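Note sheet for the following structure.
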Amino acid sequence: MYALVALGYTLVYGIIELINFAHGEIVTFGAFVGLAVLAALAGTPLSAAATALPAAFLVSMAVTALLGVTLERFAYRPLRGADRLMALISALGASIFLMNAMMLAIGRDSKPFPAYLSEPVLQRGDLVVRQLDLFLIGLTILLCALLDLFVRRTRIGRAMRSVAQDQEAARMCGVSVNATVSITFVLGSAMGAAAGILNGLYYGVIRFDMGFLLGIKAFTAAVLGGIGNLRGAVVGGFVLGISESLIPAILAAPPFSVPEIFDYKDAVAFGILILVLMVKPSGILGEEVPEKA
Amino acid sequence: MNGPRAATWLLWAGPAFVLAWVLGFLLTPEVRGLAEPQDFAGLAGLAALAAIAWCAWRALDRRGLLTVFDEARHRAPAQFGLSVLLCAAVFPLILAQLGKYYWIHVGALSLIYVILAVGLNLVVGFAGLLVIGFAAFYGIGAYAAAIVTTEVGDLPHMIWLLIPAAAVLSAAFGVLLGVPTLRLRGDYLAIVTLGFGEITRIVFTNWDTLTRGPRGISGVGSFQIGGWNLMHPLDVGPLRLDGDTQYYYLILAAALLGVFLAHRLNHSRIGRAWVAMREDELAARSFGIDVARCKILAFAIGAAYAGVAGVFFGSLQGFVDPTSFSFLESVLILSMVVLGGMGSLSGSVVAAVLLVILPEKLQMLRDYRMLIFGLLMILLMIVRPQGLIPSRRRMLELGSRPG
């Protein structure tokens, strides 16, 4: 799941070198649209998992993609070519704006997310694997693979890569930079929406400010894997997710025996981030990026 | 508006409509509970307010009132500074006469933010190091003051010693953060400092034995001179100065000193080295500037400012808890620096005061405050990226006409 959110970051960063701080809020928005669809379908013949879930995913991904493009158009495009810092601060502003807009629209409290696919497939002692867990991993891998194919094999994907390398040159070769960046935001936001719904299904509740922490962690994952590198983001997402649950567990058990570590679970992600950036700023799968003047 | 332009707007009206519709859908009873009608009244009022503000801004810009202001500042800097200082000094006395004591408290708070914004401006504006977790250093200073005065016991003059102590402590953390991040480029640095800020907040929240967790620490010691506690009301002739007023003057003195030091620093060898480093690290290096030393120095000095501000904050409020040092706080300080103009000290001062007082004035909008705040951040970046009072040196460097 971190992998999916990380994909959104890495896509946008890879193309226009902007940390989209509002991505976490886009994920939250996606989750709420998904919830709205599920709530609307509840009680109708379509409420079975086989029909309701695909509907929620499709609608949410489409609507959220729209939000992403709108955001890009109004908050980021006017600042393209300006100081990177300006765009970064605009992104922070967008994040605050969206988070508070959602708080006003939805309220401060957590909303329950309907449970789907909660039957266990495999049960052995404490170990329970739910359908949902398989679905989550499967969908993540599927979406990552599709995105990878899209970027590597299609014309638009090639345009995206060319814009990433050199906007001027891409423009000279007849690539519409604006359109390409918009498409990037469409893809990134759609991925974010899918991640948002999965997040809701997994934890059973969603909240207006859940995107913030999720966003930072996903960014960590993206950096971990080498930012701007799609496959790296996926690897980074899985590595972060696993280490975040394993490291506190290891430290809490003998020989370390510090049970308090669970309180600091969120700090682990940031600790990893700082360590990775110190040791290998380009990430696990990243290529060396020369410093731009 | 010409043809193609109108067409573009129409093109954007479509998606905007769909989004509005979806938001409306989210407002349906199943999801939200009840949509209150006054929310929409509030929104309409908001739009009107925004329109008025926009017109006022245009008028100011057209007539060049800001430019006139700016020229006055540069023609007679001493007189200008003096008059500003005079206003700042008289301000609480007038408010006290009017009985608006709460606003004196707000004034004192805004002076704390002046210290913070100036400190961050040294790091971000001069040295060009984007730090987003600045509230961490602020928190370290505040918690240091709180923990020492409550645990060790509130010895009469100890809190004065805590000012340099907190400065050194925060600076040490600044170096701790600065050293490993020397090699990082702009936005990586931003993220690492953000992570650092979050770790600090998590530690504040969870280290129960030291910080009392989310409940916070109350009873932070107050400043004393001789046997006099600054929190007690003081009668000077016919005037009665309450605790907040005395703190106001105390912090005003500290802020003045802070601005003065920053100003001197700006025109010192180090300040010039920072600017050179910000503009082109490679070129600066080849001119013999020790870039690593400069960066760490910027971190340390900026952090020290925040630490000192933290001590004042803790003592003024008498209470510290983790929520005062959240990510939002860091963003607020950063936006002060950006709003005022990067590398512009006077800009930071004006913006800090503005950004503390404005939200208070906007109390009536309650929940919409942060919404507008975010929106303003975006708009400002687009409309006036150089800030309210752009740094003169920076404008000259950028080759545009100075105001």
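The values are calculated or read from the model by the stated rules, or taken from the named source; none is laboratory data. For clarity, every value in this text was computed on a predicted model and none was experimentally measured. Quick reminder, even Gly has a Cβ in these numbers, built from the backbone with ideal geometry, and neighbours come from all protein chains shown. Side chains are part of the model used for accessible areas, which takes the heavy atoms of the whole protein and leaves out ligands, DNA and RNA. Shrake-Rupley method; radii C 1.70, N 1.55, O 1.52, S 1.80 Å.
Scan the range B:186-206 and report the pairs whose first residue is in contact (Cβ under 8 Å) with a residue 40 or more places away in the chain and among the basic types (Lys, Arg) and whose second residue is outside any helix (DSSP H, G or I) and open to solvent by 20 Å² or more (accessible area, probe 1.4 Å), with Cβ atoms within less than 9 Å and a gap of 6+ or a chain change.
B:201/B:326
Would it be correct to say that residue B:312 is modelled with pLDDT of 80 or more, open to solvent by 50 Å² or more (accessible area, probe 1.4 Å) and within 30 Å of residue B:166 (Cα to Cα)?
No: the conditions fail for residue B:312.
Would you confirm, using the coordinates I've provided, whether residue B:182 is open to solvent by 40 Å² or more (accessible area, probe 1.4 Å) and modelled with pLDDT of 80 or more?
no
Yes/no matrix, rows are residues, columns are (1) modelled with pLDDT under 70; (2) outside any helix (DSSP H, G or I); (3) buried (at least 24 other Cβ atoms within 10 Å of the Cβ); (4) of a type in the set (Phe, Trp, Tyr):
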residue	(1), (2), (3), (4)
A:228	yes, yes, no, no
A:236	no, no, yes, no
A:239	no, no, no, no
A:248	yes, no, no, no
A:254	yes, yes, no, no
A:264	yes, no, no, yes
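Restricted to the range B:358-386, and to residues that are open to solvent by less than 50 Å² (accessible area, probe 1.4 Å) and more than 10 Å from chain A (Cβ to nearest Cβ), which residue is modelled with the lowest pLDDT?
Filtering the range B:358-386 for residues that are open to solvent by less than 50 Å² (accessible area, probe 1.4 Å) and more than 10 Å from chain A (Cβ to nearest Cβ), the one modelled with the lowest pLDDT comes out as B:365.
Can you find a residue that is open to solvent by 30 Å² or more (accessible area, probe 1.4 Å) and under 18 Å from residue B:254 (Cα atoms) anywhere in the range B:118-129?
No, the range B:118-129 has no match at all.
Got a number for residues in the range A:71-81 being within 7 Å of another protein chain (Cβ to nearest Cβ) and open to solvent by less than 20 Å² (accessible area, probe 1.4 Å)?
2
Could you please find all residues in the range A:89-102 being open to solvent by less than 20 Å² (accessible area, probe 1.4 Å), of a type outside the set (Gly, Ala, Ser) and either more than 7 Å from every other protein chain (Cβ to nearest Cβ) or within 18 Å of the chain's Cα centre (by Cα) (or both)?
Within the range A:89-102, A:92, A:96, A:102 meet the criteria.
May I ask you to list pairs of residues, at least six apart or on different chains, whose Cβ atoms are under 6 Å apart, with the first in the range A:165-179 being open to solvent by less than 70 Å² (accessible area, probe 1.4 Å) and the second being of a type in the set (A, V, I, L, M)?
A:167/A:177; A:170/A:163; A:175/A:159; A:177/A:163
Against the condition open to solvent by 70 Å² or more (accessible area, probe 1.4 Å), modelled with pLDDT under 80 and within 14 Å of chain B (Cβ to nearest Cβ), how does residue A:84 come out, does it pass?
Working: open to solvent by 70 Å² or more (accessible area, probe 1.4 Å): yes; modelled with pLDDT under 80: yes; within 14 Å of chain B (Cβ to nearest Cβ): yes.
Here the answer is yes, as residue A:84 does meet what is asked.
Go through (1) among the hydroxyl-bearing types (Ser, Thr, Tyr); (2) open to solvent by 10 Å² or more (accessible area, probe 1.4 Å); (3) under 13 Å from residue B:136 (Cβ atoms) one by one and return the number of the condition residue B:286 breaks.
So residue B:286 meets the others, but not (3).
Kindly check whether there is at least one residue in the range A:48-57 that is more than 9 Å from every other protein chain (Cβ to nearest Cβ), modelled with pLDDT under 75 and more than 25 Å from residue A:147 (Cα to Cα).
For the range A:48-57, residues more than 9 Å from every other protein chain (Cβ to nearest Cβ), modelled with pLDDT under 75 and more than 25 Å from residue A:147 (Cα to Cα): present.
Which is assigned to a helix (DSSP H, G or I), within 30 Å of residue A:134 (Cβ to Cβ), modelled with pLDDT of 80 or more and more than 8 Å from chain B (Cβ to nearest Cβ), of A:36, A:62?
On inspection, the qualifying residue turns out to be A:62.
Listed residues B:146, B:165; which is more than 30 Å from residue A:276 (Cα to Cα) and in contact with a strand residue (DSSP E or B) (Cβ under 6 Å, 6 or more places away or on another chain)?
Selected residue: B:146, the only one of B:146, B:165 that is more than 30 Å from residue A:276 (Cα to Cα) and in contact with a strand residue (DSSP E or B) (Cβ under 6 Å, 6 or more places away or on another chain).
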